[in-house]
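Enquirer: Mind looking over this structure? Questions follow.
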Amino acid sequence: MKIKSHFTFNKQQRSGILLLLLLIVSLLCVYWFVDFSEEDTFDTSSAEIVSMQNELDSLRLVEAENRKPKKYPFNPNFITDYKGYVLGMSNDEIDRLLQYRKEGKWINSAADFKRVTGVSDSLLNELRPYFKFPDWVTNPNPKNDFKDYKSEKGFAEKPFAQKIDLNKATEEQLQQVSGIGEALSQRIVSYREKLGGFSNDLELNSVYGLNPEVVQRTLNLFTVKTPRKITKINVNKASASDIATIPGISFEMAKKIWEYRRLREKITNIQELDKIEGMTERKLQLIQLYLSVE
């Protein structure tokens, strides 16, 4: 039996094999000697690209600045270790301040702060705009505006025993006060019912439309004799939503109080909150009815 060799080709087959070899060799030459790399047509140095990159860098800087802790006015006498660290003070500077306060001494000016702590002029210039000292330091001889106003207007305040209980006063009784008409008397009673009764005379200031003069005239005749019981909120554990439940306090102000406490780790005295932007003396007095530091 004869087996035909696999390597025996006719003329047509040999031509095909030769053509295939030539094609393979040609492709190899093209692969090795032709540069297929594409030229980078994206010009990063063009004015448009540079402008866009600068804008992106600016946005990154703004975002980084926004993420930094916000600074609020503060009394340098109550700087804690954490607060001092955030402000850029060294451990020695913080220790000198804390030791000075332990001795019962007070810092009453930026010059005192530098003398006690030994901070650099550059850091002092950065912190100085945020220093907030009590009124008795910045205004040692304040005028007793309320007393003057009272004497000028001739207010005749009744003794406590003769005053009407503000939690039991009727609309008609409230209208006896100059400046309170039907609308305002209804508003006072409605607000009282919303609270479940006034807990303190200060809450009368939260009634919309009552200016301080009318409030004072009202309190010359009325006062809270059966106060509503208040369960105080621990400001060091409360959330912004908890603080916002205080009547007369907006969520924005509640958030500022929460951020202020978080930045300082702990509030030791409610009076510290007077450093918060937008905090008035009347609001602080109202807050003290509802917040504690325990």
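The values are calculated or read from the model by the stated rules, or taken from the named source; none is laboratory data. Just so we're clear, the structure is a prediction, and the values are computed from it rather than from any experiment. All Cβ positions, glycine included, derive from the backbone under ideal geometry; neighbour counts span all protein chains shown.
Enquirer: List the helices (runs of 4 or more DSSP H) that sit entirely inside region 99-150 and contain at least 1 residues that are at pLDDT 90 or above and over 27 Å from the mean Cα position of the chain (by Cα).
Expert: Once the helices (runs of 4 or more DSSP H) in region 99-150 are filtered for at least 1 residues that are at pLDDT 90 or above and over 27 Å from the mean Cα position of the chain (by Cα), what remains is 110-117, 121-127.
Enquirer: Every residue in region 275-294 that is over 14 Å from the mean Cα position of the chain (by Cα) and aliphatic (A, V, I, L, M), please.
Expert: Result: Leu284, Leu286, Ile287, Leu289, Leu291, Val293.
Enquirer: With respect to Lys225, determine if the residue is surrounded by fewer than 17 Cβ atoms within 10 Å (Cβ to Cβ), assigned to a loop (DSSP other than H, G, I, E, B) and either at pLDDT 90 or above or in contact with a helix residue (DSSP H, G or I) (Cβ under 6 Å, 6 or more places away or on another chain) (or both).
Expert: Judged against the criteria, Lys225 is a match.
Enquirer: Does Glu272 fit the bill of being in a helix (DSSP H, G or I) and under 28 Å from the mean Cα position of the chain (by Cα)?
Expert: Judged against the criteria, Glu272 is a match.
Enquirer: Find all pairs meeting these conditions: Cβ atoms under 6 angstrom apart; at least six residues apart or on different chains; first residue within region 201-214 and assigned by TED's automatic domain parsing to the domain that holds Asp165; second residue assigned to a helix (DSSP H, G or I) and modelled with pLDDT of 85 or more.
Expert: Asp201/Leu219; Leu204/Val215; Asn205/Val215; Val207/Arg187; Val207/Ile188; Val207/Tyr191; Gly209/Leu184
Enquirer: Before we move on, is Glu172 among the charged types (D, E, K, R), loosely packed, with under 13 Cβ neighbours inside 10 Å, farther than 24 Å from Lys283 by Cβ and not assigned by TED's automatic domain parsing to the domain that holds Gln288?
Expert: Yes: the conditions hold for Glu172.
Enquirer: Which residues, counting only those in region 256-269, are touching a residue at least 12 places away in the same chain (Cβ under 8 Å) and surrounded by fewer than 18 Cβ atoms within 10 Å (Cβ to Cβ)?
Expert: Within region 256-269, Glu259, Leu263, Glu265, Lys266, Thr268, Asn269 meet the criteria.
Enquirer: Which one is modelled with the lowest pLDDT, of the residues in region 228-255 that are over 17 Å from the mean Cα position of the chain (by Cα) and buried (at least 17 other Cβ atoms within 10 Å of the Cβ)?
Expert: Gly248
Enquirer: Among the residues of region 78-98, write down those that are outside any helix (DSSP H, G or I), without any contact (Cβ under 8 Å) to a residue 40 or more places away in the chain and either touching a Lys or Arg at 6+ places or on another chain (Cβ under 8 Å) or within 19 Å of Asn269 (Cα to Cα) (or both).
Expert: The one that is outside any helix (DSSP H, G or I), without any contact (Cβ under 8 Å) to a residue 40 or more places away in the chain and either touching a Lys or Arg at 6+ places or on another chain (Cβ under 8 Å) or within 19 Å of Asn269 (Cα to Cα) (or both): Ile79.
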